[in-house]
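A.B. asks: The structure's right below; bear with me while I get my questions together.
The values are calculated or read from the model by the stated rules, or taken from the named source; none is laboratory data. Quantities reported herein were computed from a predicted structural model and do not represent experimental measurements. Glycine also receives a Cβ, built like all others from the backbone with ideal geometry; neighbour counts cover every protein chain displayed.
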Amino acid sequence: MNESNKLTDMVVIILSLIVIVGSFVWLMSTGAFNFSLAEDQKLTWHLVRSSGIVAYVLLMLSAIWGLLMSSQFVKDWSPGPVSLTLHSTISWLSVLFGLSHALLLLLDDYFTYTLADLFVPFTGPYRPEFVGLGTIAFWLLLIISISFPLQKRLGNRNWKFLHYTSYLAFALVSVHGLFAGTDGSALGFRLLTGIGVIVVVLLLGVRVGKDQAKVPVVRRTKQA
């Protein structure tokens, strides 16, 4: 990594810290945290919703980062091992927040969930067809996250095929959020989902295009 890239990374980190600290100070000054959790009768439901949204955003970032890696857009300023570690970490965080999203439903009073309802698709008491899509996506993402350090054992071809299913999981979670979640009808969440889907589809198209362009080159090389 050259000096200009190092300087760019440092500037980005400093600006990010300024934004984070400034946002926190502003929220404190507005009294946004002046409430008692004990008085919030819908605390569990708020945690269910917020953990689900965080899990979705992390999944979106993981998918976008993976596509940027595979399309070689970040190779000049992010070393391969660092990029893969970041990709794996975001993926695991998405799985953990998704698991929290599901387990918190056990504490909710509005619907009665069992562990079987949470982990067996299409069996729950609330919109089982759309909730079940989220359950399938969770199992897919768990398997994909576990496979990160197993690339050599699985073989590069099988490992890549498995990771391609992450885009299917992203699609399933998008549908799950829109049609099973309380915030599915909210404009902000719809914009978040729409923008995320568009970006992932565009980057996936670029990746597929590059993969197809490599095929004739490989064939010509073998023939030569």
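A.B. asks: Just one of 154, 141, 162 is without any contact (Cβ under 8 Å) to a residue 12 or more places away in the chain and closer than 30 Å to residue 70 by Cα; which is it?
C.D. replies: 154
A.B. asks: If residue 60 meets every condition in (1) over 30 Å from residue 211 (Cα atoms); (2) at pLDDT 85 or above apart from one, which number is that one?
C.D. replies: The failed condition is (1).
A.B. asks: Scan 99, 133 and give me the residue that is in contact with a His (Cβ under 8 Å, 6 or more places away or on another chain) and at pLDDT 95 or above.
C.D. replies: None of the other options fit; the residue is 133.
A.B. asks: Here's something else I'd like to know. Looking at segment 144-192 only, could you name the residues that are under 14 Å from residue 52 (Cβ atoms), touching a Phe, Trp or Tyr at 6+ places or on another chain (Cβ under 7 Å) and either at pLDDT 90 or above or of a type in the set (Gly, Ala, Ser) (or both)?
C.D. replies: Once the filter is applied, which keeps residues that are under 14 Å from residue 52 (Cβ atoms), touching a Phe, Trp or Tyr at 6+ places or on another chain (Cβ under 7 Å) and either at pLDDT 90 or above or of a type in the set (Gly, Ala, Ser) (or both), segment 144-192 yields 173, 175, 176, 177, 179, 180.
A.B. asks: Same structure, new question: Listed residues 97, 122, 138; which is touching a Gly at 6+ places or on another chain (Cβ under 6 Å) and within 23 Å of residue 163 (Cβ to Cβ)?
C.D. replies: 138
A.B. asks: Follow-up question, since we're still on this one. Just a yes or no: is a residue in segment 133-153 surrounded by fewer than 16 Cβ atoms within 10 Å (Cβ to Cβ), in a helix (DSSP H, G or I) and of a type in the set (Gly, Ala, Ser)?
C.D. replies: no
A.B. asks: Are there any pairs, at least 6 apart or on different chains, whose C-beta atoms fall under 8 Å, with the first in segment 86-114 and free of Cβ contacts under 8 Å to residues at least 24 places away in the same chain and over 12 Å from residue 54 (Cα atoms) and the second assigned to a loop (DSSP other than H, G, I, E, B) and small (Gly, Ala, Ser), and if so, which?
C.D. replies: Cβ pairs passing all conditions: 86/78; 111/124; 113/124.
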